[in-house]
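Step one of this worksheet: look at the structure below.
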Amino acid sequence: MTRSVVKYQFVANERARNTSLHKRKASLFKKINELKCLCDIDACLVMYEKDDSPPEVWPSPSEAQRVMQKFQKSRVLGSSAMLDQKAFLEKNMMKTKKHLEKEKEKNVKRSMLTCLFDENNRENFEGLKSCIESEIRLIDVMIKNAYEKGEIEGGLKIFF
C-alpha cells in the first residue's frame, strides 16, 4: 500500500499547528541524532521559532558552536562549492545559455541537412546557399584584414 501525497500548506488552527510543530521538531531532532550516530558525523541543529524565544539547539549550545566554527574554518565555505542564491542562479543561467547556444547550433545543422537532402524544398536551398556565401565573404574579409595587419604571412587567394 502506497502513501498518499501530502499537500503542504499553512495550518490555520493554532492548536493543530503547535501540535504539528512539536511532533515534527521531535522527529527532526531524532533524525539528526540518528545521522550523527549511524554515520559518525559532526552535526548540530539550531531552530528559531517566530516569537522572540531563544533558539532550540541540539545537542548543546557549546557543541553546536564547535560544529559551526569547524564549518566556518573549512575550505568549503570559501570555495565555489558554497554559493549564495545570486551566484547559484548566475551560474545556472550561464550553463543554460551555453546549452541553449549548443542546441541552436544543432538545430541550424539539422535544418541545413534537411534542406540539403529535401529535393522538394528549393527555396530553403537557395537560402542556405546565400547564408554559406555570406559566411565565406565574412571569412575572406577577416583573412584579408589579418593579412593587411601582418598577422599572417604569405599570399592568400581571396575567393569573392
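Values quoted throughout were computed directly from the atomic coordinates according to the rules given, and no laboratory measurement underlies them. None of the values given here were measured: they were computed from a predicted structure. Because the Cβ atoms are built from the backbone with ideal geometry, glycine has one as well, and the counts that use them run over all protein chains shown.
Just a few scattered comments:
- The chymotrypsin sites (Phe, Trp or Tyr not before Pro) of the range 1-81 that meet both conditions, a loop assignment by DSSP and at most 13 other Cβ atoms within 10 Å of the site Cβ, are Y8, F10, Y48.
- Net +/- balance of residues flanking S134 in space, Cβ distance below 15 Å, scoring K and R +1, D and E -1: -2
- Counting beta carbons within 10 Å around each of C131, C39 and listing the fewest first gives the order C39, C131.
- Label-to-label distance for K31 and I152 is 6.2 nm, based on points extended 7 Å past Cα in the beta-carbon direction.
- In plain terms, the residue of V67, V108, V5 with the fewest other Cβ atoms within 10 Å comes first and the most crowded comes last, giving V5, V108, V67.
- Exposure proxy order (Cβ contacts within 10 Å, fewest to most) of I136, I143: I136, I143
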